[in-house]
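Everything on this sheet refers to the single structure shown next.
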Amino acid sequence: QVQLVETGGGSVQPGGSLRVACTVSENIDNMYCMGWFRQAPGKEREGVATVSNGDRTDYADSVKARFTISRDNAKNTLYLQMNSLKPEDTAMYYCAADRRIFGGCTVSRGSLQFKYWGQGTQVTASS
């Protein structure tokens, strides 16, 4: 079974930065689409950023110019660099991956279209 493990979450002051990582147990070249989702208490899970295996990226409007998604195929690792963090970024962040091309690879690809998920890592931005 494919395993995804997120690391790098934590607590920072507003305006601070964090980089979360997702290490996959198999060759991520086989994953057409990988992405980061987040979910805050009482809110629905939302797509934050996605990257295809052709390195096409997409971001939610709320994080554009602040977050950067990237993948290192040699390390089988997905990253999300988060700068200028805001309190509203506080959430559990989840890594997701899927081999299937259908549905494209944007933040509009719904969570049900990702087969593989990590356990999540908490990100908190508060003063």
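The values are calculated or read from the model by the stated rules, or taken from the named source; none is laboratory data. This is a predicted model, so every value here is computed, not measured. We place every Cβ from the backbone using ideal geometry, glycine too, and count neighbours over all the protein chains shown. These accessible areas exclude ligands, DNA and RNA; they are computed on the full protein's heavy atoms, side chains included. Shrake-Rupley method; radii C 1.70, N 1.55, O 1.52, S 1.80 Å.
Applying the condition of being outside any loop (DSSP other than H, G, I, E, B) and among the aliphatic types (A, V, I, L, M) to segment 47-60 and asking which residue is farthest from the chain's Cα centre (by Cα) yields VAL51. Checking each residue in segment 112-127 for being farther than 29 Å from GLN13 by Cα and open to solvent by less than 50 Å² (accessible area, probe 1.4 Å) picks out PHE114, TYR116. Residue count for segment 68-111 satisfying the condition of being open to solvent by less than 30 Å² (accessible area, probe 1.4 Å), closer than 17 Å to SER11 by Cβ and not in a helix (DSSP H, G or I): 5.
All of ASP98, ASP55, ASP89 fail the test of being out of contact with any strand residue (DSSP E or B) (no Cβ under 6 Å at 6 or more places or on another chain) and not polar (S, T, N, Q), apart from ASP55.
Pairs meeting the criteria (first residue in segment 43-59 and within 14 Å of TYR79 (Cβ to Cβ), second residue hydroxyl-bearing (Ser, Thr, Tyr), beta carbons under 6 Å, at least 6 apart or on different chains) are ALA49/TYR59; THR50/THR106; VAL51/THR57.
Can you find, within segment 18-43, the residue that is nearest to TYR93 (Cα to Cα) among those that are under 15 Å from the mean Cα position of the chain (by Cα) and surrounded by fewer than 17 Cβ atoms within 10 Å (Cβ to Cβ)? Out of the qualifying residues, it is GLN39. Filter segment 90-127 down to residues that are among the aliphatic types (A, V, I, L, M), more than 18 Å from ASN76 (Cα to Cα) and under 13 Å from the mean Cα position of the chain (by Cα), then give me how many there are. Matching residues across segment 90-127 total 4.
For (1) of a type in the set (D, E, K, R); (2) closer than 16 Å to SER70 by Cα, each residue gets a yes or a no:
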{"position": "ARG19", "(1), (2)": "yes, yes"}
{"position": "THR23", "(1), (2)": "no, yes"}
{"position": "ILE28", "(1), (2)": "no, yes"}
{"position": "CYS33", "(1), (2)": "no, yes"}
{"position": "ARG38", "(1), (2)": "yes, no"}
{"position": "VAL48", "(1), (2)": "no, yes"}
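In segment 62-85, the residues that are closer than 15 Å to GLY47 by Cα reach residues that are part of a loop (DSSP other than H, G, I, E, B) and among the basic types (Lys, Arg) with C-beta atoms within less than 8 angstrom, at least six apart or across chains, in these pairs: MET82/ARG66. In segment 87-100, the residues that are polar (S, T, N, Q) form Cβ pairs under 7 Å with partners that are assigned to a strand (DSSP E or B) and open to solvent by 10 Å² or more (accessible area, probe 1.4 Å), at six or more places apart or across chains, as follows: THR90/THR124.
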